[in-house]
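None of the figures in this text is laboratory data; all of them are computed from the coordinates on show. Please read all numbers here as calculations on a predicted model, not as lab measurements. Using ideal geometry, Cβ is built from the backbone for each residue, glycine included, and neighbour counts are taken over all protein chains shown.
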DNA sequence: GGGAATATTCCC
DNA sequence: GGGAATATTCCC
């Protein structure tokens with residue numbers, strides 16, 4: 001039994017905020033949260049417990065796959081009805097899938113509901129801390145931000161009434177630019193910290209190398 | 001009875017996304033959502049129903065205030081235990097309060113849990129659509145950003161002639177921001193190339209190291 | 001799959 | 001009270 005999660009889908013205090021990182025730019029791979037996201041812990045524990053052992057019919061509802069490198073939802077219907085509500089505040093398969101995607105899991109079979117994540121493996125609960133939510137890292141900016149940089153031409157026709165409007169637009173663009181600037185500055189901060197770490201690493205490796213060479217003389 | 005919301009706190013499909021506005025920049029008050037936020041509807045309906053009529057002891061749990069201009073949670077404990085879970089996915093008073101604040105309600109008594117919102121009144125369910133989530137409209141930027149955005153605040157007194165002037169200033173600031181952006185982007189490009197070189201260097205050193213070790217065996 | 005809105009939680 | 005992270009939902 002695992003009534004430790006949601007008794008009645010209430011009394012739960014694991015849900016939202018995670019004391020991860022606070023307000024620190026949080027560099028891609030560098031800073032590591034202290035504890036895994038609640039979603040990951042719940043999903044892991046749910047597997048350790050077999051979802052709910054069995055759905056009454058004797059068949060498994062959900063389990064690790066053969067080599068523990070992923071997991072399979074054998075019975076989506078029972079999974080939704082019996083398993084999900086005991087761990088989460090819903091019983092929708094799609095919400096569960098949405099979370100899997102958010103954390104970078106991949107569906108690896110078209111024939112059954114099997115999912116994998118490099119850092120989500122049987123016996124490796126400690127590794128969960130390595131899994132982070134996908135953030136929009138590569139092209140940092142929301143789609144609506146991209147436009148503003150190129151189309152400020154404002155094909156103004158009716159100048160009169162266009163005044164207020166264009167002012168509004170300018171203000172908006174301005175705001176977006178500032179937001180963008182902040183994001184760029186944060187990226188730069190991250191690069192700086194990354195560079196520092198790389199240099200440190202390099203110097204350690206070289207030190208290490210030298211020491212060994214010396215010892216062998 | 002109002003088991004129409006959360007039977008077992010599940011089966012609920014009203015929760016999250018609201019088909020309001022789509023992806024349209026959504027300027028302050030202009031675009032009006034077609035339907036009120038789920039939170040507002042639930043809170044309104046919960047009042048129409050008296051929370052759960054009474055808590056068994058005969059006393060009201062929650063109700064409109066005298067003139068219907070606000071509402072009072074008479075018994076927070078019962079409200080959490082009995083009312084909240086029937087309408088929401090939780091039983092935490094603080095989460096309920098957080099939502100009230102998000103939608104701009106005000107606590108109007110230090111002696112009891114009474115809340116008001118101009119557009120939240122008994123008999124005016126249609127008015128709920130006017131209530132919007134507080135977004136970070138006024139000072140969009142995190143505190144540490146404010147500096148630059150306010151330096152040009154132009155404490156506008158003489159509105160008339162200030163129009164053109166502020167427009168001019170905005171354009172200028174805009175231009176500067178774009179220039180700045182370009183510079184930041186170039187810095188980032190450099191960092192990327194630097195990172196690449198460092199990583200390459202590191203890998204060479206390590207290769208080198210390995211080879212030597214091997215040779216010395 | 002993933003963007004984006006709302007909901008819930010945690011923390012100041 | 002409100003900022004910000006995670007969760008849940010809706011929609012493309």
at residue B:118 the sorted inter-copy label distances (label 7 Å from Cα on Cβ side), in nanometres, are 5.3
For the residues B:84, B:169, A:194, what sequence is obtained by ranking on other C-beta atoms within 10 Å, fewest first? B:169, A:194, B:84
What average count of beta carbons from other chains do you get within 10 Å of the Cβ of residues in A:88-101? 2
Expected integer from the mean partner chain Cβ neighbour count at 10 Å over B:102-112 is 0
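Evaluate peptide A:174-181: per residue, the Cβ atoms of other protein chains within 10 Å of its Cβ; return the mean as an integer. Before the final figure, lay out each step's value.
On the way: counts 7, 4, 2, 8, 10, 4, 6, 7.
Other-chain Cβ atoms within 10 Å of each residue's Cβ, averaged: 6.
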For residue B:175 and residue A:102, extending 7 Å from Cα along the Cα-Cβ vector and measuring point to point gives, in nm, a value of 4.5 nm
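For residue B:185 and residue B:118, FRET efficiency with R0 = 35 Å and r from the beta-carbon atoms, rounded to 0.05?
Details: r = 45 Å, r/R0 = 1.29.
Efficiency computed from Cβ-Cβ geometry: 0.20.
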Inter-copy label distances at residue B:203, 7 Å along the Cα→beta-carbon direction, one decimal in nm, shortest first? 2.4
Let me know the shape class of segment A:52-117, please: from the alpha-carbon gyration tensor, a ≥ b ≥ c as square roots of the eigenvalues, rounded when a/c is under 1.5, otherwise prolate if a/b is greater than b/c, or oblate. oblate
Run through the other copies and list how far each one's label point is from that of residue A:134, in nm with one decimal, shortest first; the point sits 7 Å from Cα along Cα-Cβ. 3.3
Highest mean first, what order results for A:38-50, A:91-103 on Cβ atoms within 10 Å? A:38-50, A:91-103
